[in-house]
Amino acid sequence: TQWVYRFGGGVSDGGKGDKNLLGGKGANLDGMASIGLPVPPGFTISTAMCTHYYEAGESFPDSLREQVANGLAHIEGITGKRFGDSADPLLVSVRSGARVSMPGMMDTVLNLGLNDATVEGLAASSGDARFAWDSYRRFIQMYSDVVLGIDHYIFEDVLEIAKEDKGVNLDTELSAEDWQRLVATYKTKVEEALGRPFPQDPMDQLWGAISAVFGSWQSERAKVYRRLNDIPADWGTAVNVQAMVFGNMGDTSATGVAFTRDPAIGTRAYYGEYLINAQGEDVVAGIRTPQYLTKAAREAAGATAASMEEAMPETYQELARVFDLLETHYRDMQDIEFTVERGKLWMLQTRSGKRTAKAALKIAVDMAEEGLITQEEAILRVEPGALDQLLHPTLDPAAARDVVTTGLPASPGAASGIIAFDADEAERLAALGEDVILVRVETSPEDIHGMHAARGILTARGGMTSHAAVVARGMGRPCVSGAGALSIDMEARVMRIGARSFNEGDTLTIDGGTGEVMAGKVATIQPQLAGDFGTLMVWADKGRRMKVRTNAETPADCAVAREFGAEGIGLCRTEHMFFDPARITAVRQMILSENEKGRRAALERLLPEQRSDFVEIFRIMSGLPVTIRLLDPPLHEFLPHREEDYQEVAQASGVSIDVLKRRVGELHEFNPMLGHRGCRLGITYPEIYEMQARAIIEAALAVADETGEAVVPEIMIPLVMTTREFELMKAVVDKAAEAVFAASGKRLDYLVGTMIELPRAALMAGEIAEQAEFFSFGTNDLTQTTLGISRDDAGKFLSAYVDKGVLPKDPFVSIDVDGVGQLVSLAAERGRAARSGLKLGICGEHGGDPASIAFCEKTGLDYVSCSPYRVPIARLAAAQAAL
Ligand code: ADP
Ligand code: MG
Ligand code: MG
C-alpha cells in the first residue's frame, strides 16, 4: 500500500489532490507546489494510515518505515541537506491535517531534527548562532508540550525568569548565549518531568511526532470538535512532514497569516498580519502584537508599526501575486500561511478561509459577478444555517451605550449576556437558559464547548487571526478580541477595566462589528435584507423547485415571514389564538360545558374573534395559500389553574365552581399527547370544527371582497389515523362552508386535507388520499409516534443516544431519513397514486432544517413550511437541494 505521498521539486505523488486521502493541508501543499509556487518540499502520510494505525492497535506497518525513509530522501535531495547531519542538518516540521481543518488536533512541531550536535551545525551553516539556539529551545518546548505531554508553562516560567534577570521584555532581546543557557535548563526540566533525557536521535523524534499526530485524532478535544461539527471519527488525519524554512533569521525574515478577502465582511482587500523575525504560530499566539499586512489596514487602524507592504515591498508584491493566483486556482477566498526567510517567500498553507455569514454572502455574490464562479456555485457556497446570523437583530444605533472599552472587531454581530469566565461555567449557565458572554484572557481549543454555548466571546489578548477570532467566525458567534484594557482576576472571578469591575453573572454587551464592549444590555433592531442578501435570494429562487411557506398564526409573524419571502402559510395553529386572555374564559367555558348547548354558547362568543384573526392573516397573505389546522391540542392545556380562573368561568357560564372542578377531574388524561386531541376532538365535539370552518370561510370571503385577491384556505384535519375520521370531519367542514355560501350568496375555493402524523395514516395514505385534497407531514408528531419517543421527555437521554451513535442526530431537529423518512416517502407515493396532483408539504420543525429540506426535495414534496426567521434559510436550502 502507498502510505506516503511526496510533494515539491517537481514531484507530486498526490496527483489530483485528493483531500480525503491527503487531508486538506497535504492536498493543498501538493496543489500549490504543482502550480509552481514556492513550497518547501515534503511528504504526506495519508489518512488511510490513521485508520490502519488504530485498527492495528496503534502501531505502524514496516512498509511505512521504508516509505518515510524514501520521503526523507526526497526532501534531502531537493534541499541538499541531510536529516541528522551534524554539519548542515535538515530540519522538518511535522504537521497534522484532517480533511477539514480541525482545531483540537495535535499542534505542529517545528525545527524537528535538532539536538546537541545538529544545533552547532545549524549555527555554523546559517552563520547565526542566536537563530540556531532560539530554534532549538523552540523545538524542545514544542516537542515536550505536544509529543511528551509536558506542560509548556514550565518553559514559559523559566523564560520569564531569564528575561527578568537580564532586564529585558522581548524574546528578541535575548542573545545566543542566553538561549544556549535556556536550552540547558529546558533539558533539565524535561528530564525531571519525564525521568529520561530529551530524545536526541532525530529519527526517534520524527516517529514520536508522527505517533503523536495520529494519537491526537482520538484526543478529547478532537472528539468534542468532531461531535459539534458532525465529523465522522473514521475520516482520520494525515501527517505532513516538510522541510523547515525560517522566519526567525533576523529582520529580513518574517512569518504571517493572510486572507485573500476580508473574512469578517467579505470586501475584496488582502487581510492579514505578520511578524518580523518570528516563527510559526507567534502571530496567532499573542506573544507579540502582530503588524498589519497592508498599508491601508495599518492606516485605518492608526497603527505605527510598518506594514509588510511598507517594510518588505518586494516580497509583499510577490505575496499579492500569489494571493491572486491561489484565488483563481481554488476559486474561493483563501486563508494562507507564509514565511519569509532572508527575503525569500515560502508558502506553507492555503485553504478555503472560514468567514462570517455576511462575508460568505458577499464573497459568493462578488465572485459570481466577477465571473470566477457561476451563480449556482454561489448558491452552494453559502451555508443556509449561517444566514441565521444575518436574520437576527443588530444593535440599535440610536440606543444608549455605556462603552467600557474597545477591542478588535473579530467576528461581527451583537450579543448581550451574563459574564462567564471559563468554558465550563459558560456551558453550565447556557444550559440553564441564560445568554452568556464568555470572557477569557485568550481562548484555546479546550474552550470550544464554552464558545459554542456562549452568545458571544470577549478576549483580552489575541489579534484578528487569534484562536478566538477564527473559531468565533466559524461558529457565527460575535467576538471582540484583544481588548487590552481588560484584566481578569480568576481567583476573585472578577474582570476589571480601568476603575470599573464586573463580576461573573453581570450583564455585558459586545458588538463584534465595531469591537465595542458595553455594560448592561443594549437594544437591538431588525436586520436589512437588501443588497447581497437580496441578490443571492433571487438566484436561489430561480434555482429551487419547492415552495417555501411559513408556520405562523400571529399577524406579526405572518408579516415577517412574507417579508422574508414566504409563499404562503403551511401551518396556522388555531389553538394559539385561543390563549388570548380576552378569550380564554370562553374557551374554558366551552371545554367545561357538559353538553352541546353549553359548548355552542361559548363557541358563539369565540366565532367573531376567530373570524377576525383569520381576516387579519388573510389580508397579509392575500393571494397566497394558507393552511389552517383545526383545533389540535389536548384540551387540558386550556384548563383553569388558579382560583380566579375558576371564578371567571363560573361567572360566564353560570355553573358552580364545584361542578367545574369535577369536570376538570373528568378531563384528566394520563398521556395527553396520545389522548383526546386532534380530530378526536372534532369527532366528539363536531361543533368546534364547525365553528372554526365557518370562521375561516367567512373571513376568506370578507378579505376577497376587500382586496379582490382571495386566499385559498386549506383546511387541515389533524391527527387522522383512519379514513372514516377524515370523512366525518370533511363533512362537518363542507357543511359549514355550504351554509356560509348559502347565506352570503358567494362562493370561494378551499381545500380540505389532513396532517400525516401517525404511522397508521402514512400506511393508509392511499385510501385517505381518495378523500383528502392535500397532505401535510407533521413530522414532529410523526417522529414522536414512529420512534415512540416523547418530544418533551427526550432531552434526558437523547444526547447519550447521539454520543453513542445510536442515532446519528437529534431526530426532532433533522429528520430520521431511514425510519420516519420512509413513512413520508411511502405516504407520498401511495397518496399520489390514489390522487394525482395531491399537494404535499411538510410543516414540522424539520421544514427549516437544511438536511431535512434536501430529503423533502428528493421525496418530491411541493413545499416546506418553517418558522418565519427560517424562511430565507429554507429558500436557500431548497435551491441547494434542487441544484
Ligand atoms: P495549524 O494547522 O495549527 O495551522 P500548521 O501545520 O499550519 O498548523 O503549522 C502552524 C505554523 O507553523 C504555520 O503557519 C507555519 O507558520 C509554521 N510552519 C509549519 N511548517 C513549517 C515549515 N516547514 N517551515 C516553517 N514554518 C512552518
Ligand atoms: Mg495550530
Ligand atoms: Mg496552519
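Residue by residue, here is whether (1) within 27 Å of the chain's Cα centre (by Cα); (2) not charged (D, E, K, R) holds:
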{"site": "Lys187", "(1), (2)": "no, no"}
{"site": "Glu191", "(1), (2)": "no, no"}
{"site": "Leu194", "(1), (2)": "no, yes"}
{"site": "Pro199", "(1), (2)": "no, yes"}
{"site": "Trp207", "(1), (2)": "no, yes"}
{"site": "Gly215", "(1), (2)": "yes, yes"}
{"site": "Glu220", "(1), (2)": "yes, no"}
{"site": "Thr237", "(1), (2)": "yes, yes"}
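With respect to the stated conditions, Ile688 is crowded, with 16+ Cβ neighbours inside 10 Å, out of contact with any Pro (no Cβ under 9 Å at 6 or more places or on another chain), more than 20 Å from Asp749 (Cβ to Cβ) and β-branched (Val, Ile, Thr). Could you tell me whether any residue of segment 717-727 is assigned to a helix (DSSP H, G or I), touching a strand residue (DSSP E or B) at 6+ places or on another chain (Cβ under 7 Å), at pLDDT 95 or above and crowded, with 24+ Cβ neighbours inside 10 Å? Yes, that holds for at least one residue.
Residue under question is Val239, and the condition is that it be buried (at least 23 other Cβ atoms within 10 Å of the Cβ) and touching a helix residue (DSSP H, G or I) at 6+ places or on another chain (Cβ under 6 Å); does it hold? Spelling it out, Val239 is indeed buried (at least 23 other Cβ atoms within 10 Å of the Cβ) and touching a helix residue (DSSP H, G or I) at 6+ places or on another chain (Cβ under 6 Å). Taking Val39 as the residue in question, decide whether it is within 16 Å of ligand 3 (Cβ to nearest atom), part of a loop (DSSP other than H, G, I, E, B), in contact with a strand residue (DSSP E or B) (Cβ under 8 Å, 6 or more places away or on another chain) and not hydroxyl-bearing (Ser, Thr, Tyr). Spelling it out, Val39 is indeed within 16 Å of ligand 3 (Cβ to nearest atom), part of a loop (DSSP other than H, G, I, E, B), in contact with a strand residue (DSSP E or B) (Cβ under 8 Å, 6 or more places away or on another chain) and not hydroxyl-bearing (Ser, Thr, Tyr).
Counting the residues of segment 830-850 that are in contact (Cβ under 8 Å) with a residue 40 or more places away in the chain and over 27 Å from Cys558 (Cβ atoms) gives 6. The condition (being surrounded by 15 or more Cβ atoms within 10 Å (Cβ to Cβ), more than 16 Å from ligand 3 (Cβ to nearest atom) and more than 34 Å from the chain's Cα centre (by Cα)) is satisfied by just one residue among Phe323, Phe246: Phe246.
Residues in segment 55-67 that are surrounded by fewer than 17 Cβ atoms within 10 Å (Cβ to Cβ), in contact (Cβ under 8 Å) with a residue 12 or more places away in the chain and in a helix (DSSP H, G or I): 1 in all. Consider segment 78-136 and keep the residues that are basic (Lys, Arg) and within 16 Å of ligand 3 (Cβ to nearest atom). The one that is nearest to Val213 (Cα to Cα) is Arg95.
Among the conditions (1) under 20 Å from Gln349 (Cα atoms); (2) within 16 Å of ligand 3 (Cβ to nearest atom), the only one that Tyr225 does not satisfy is (1). With respect to Glu281, is the statement that it is within 24 Å of Pro478 (Cβ to Cβ), surrounded by fewer than 24 Cβ atoms within 10 Å (Cβ to Cβ), charged (D, E, K, R) and within 16 Å of ligand 3 (Cβ to nearest atom) true? No; evaluated as a whole, the condition is false for this residue. The single condition among (1) within 16 Å of ligand 2 (Cβ to nearest atom); (2) touching a residue at least 12 places away in the same chain (Cβ under 8 Å) that His152 does not meet is (2). Scanning segment 575-609 for residues that are part of a helix (DSSP H, G or I), of a type in the set (S, T, N, Q) and either free of Cβ contacts under 8 Å to residues at least 40 places away in the same chain or surrounded by fewer than 21 Cβ atoms within 10 Å (Cβ to Cβ) (or both) yields a single hit, Thr585. Here Val100 passes the criteria (1) surrounded by fewer than 19 Cβ atoms within 10 Å (Cβ to Cβ); (2) touching a strand residue (DSSP E or B) at 6+ places or on another chain (Cβ under 7 Å) except the one numbered (2). Within segment 18-33, residues that are free of Cβ contacts under 8 Å to residues at least 24 places away in the same chain and within 19 Å of Trp346 (Cβ to Cβ) reach partners that are away from ligand 1 (no atom under 11 Å from the Cβ) and charged (D, E, K, R) with beta carbons closer than 7 Å, at six or more positions or on different chains, in the pairs Ala27/Asp18; Ala27/Lys19. Scanning segment 693-737 for residues being over 27 Å from Cys558 (Cα atoms) and among the hydroxyl-bearing types (Ser, Thr, Tyr) gives a total of 2. Scanning segment 71-106 for residues that are under 21 Å from Ser46 (Cβ atoms), within 16 Å of ligand 2 (Cβ to nearest atom) and not β-branched (Val, Ile, Thr) yields a total of 10. Here are some conditions: (1) within 46 Å of the chain's Cα centre (by Cα); (2) in a loop (DSSP other than H, G, I, E, B); (3) free of Cβ contacts under 8 Å to residues at least 24 places away in the same chain. Ala710 meets all but one. Which one does it not meet? Every condition holds for Ala710 apart from (3).
Among the residues of segment 123-153, write down those that are surrounded by fewer than 18 Cβ atoms within 10 Å (Cβ to Cβ) and of a type in the set (A, V, I, L, M, F, W, C). Matches in segment 123-153: Ala124, Leu148.
Identify, by number, the condition in (1) closer than 30 Å to Ala73 by Cβ; (2) free of Cβ contacts under 8 Å to residues at least 24 places away in the same chain that Met249 doesn't meet. The one condition Met249 does not meet is (2). Restricting attention to segment 610-629, the residues being of a type in the set (S, T, N, Q), more than 25 Å from Lys730 (Cβ to Cβ) and part of a helix (DSSP H, G or I) number 1.
Picking from residues in segment 251-264 that are outside any strand (DSSP E or B) and out of contact with any helix residue (DSSP H, G or I) (no Cβ under 7 Å at 6 or more places or on another chain), the one that is farthest from ligand 1 (Cβ to nearest atom) is Asp251.
Of the helices (runs of 4 or more DSSP H) that lie entirely inside segment 281-391, those containing 3 or more residues that are on the phi < 0 side of the Ramachandran plot, out of contact with any His (no Cβ under 9 Å at 6 or more places or on another chain) and of a type in the set (Val, Ile, Thr) span 313-330. Checking each residue in segment 851-865 for being in contact with a His (Cβ under 9 Å, 6 or more places away or on another chain) and without any contact (Cβ under 8 Å) to a residue 60 or more places away in the chain picks out only Phe855. Take Arg138 and decide whether it is under 33 Å from the mean Cα position of the chain (by Cα), within 16 Å of ligand 1 (Cβ to nearest atom) and either more than 30 Å from Ile231 (Cβ to Cβ) or not hydrophobic (A, V, I, L, M, F, W, C) (or both). No.
Every residue in segment 86-97 that is closer than 21 Å to Ile140 by Cβ and either crowded, with 17+ Cβ neighbours inside 10 Å or within 9 Å of ligand 1 (Cβ to nearest atom) (or both), please. Matches in segment 86-97: Pro89, Leu90, Leu91, Val92, Ser93, Val94, Arg95, Ser96. Counting only residues that are away from ligand 2 (no atom under 16 Å from the Cβ), of a type outside the set (A, V, I, L, M, F, W, C) and surrounded by 24 or more Cβ atoms within 10 Å (Cβ to Cβ), segment 339-356 holds 2 of them.
The values are calculated or read from the model by the stated rules, or taken from the named source; none is laboratory data. All values derive from a computational prediction rather than experimental measurement. Heads up, the Cβs are rebuilt from the backbone with ideal geometry, glycines too, and the neighbour counts pull from every protein chain shown.
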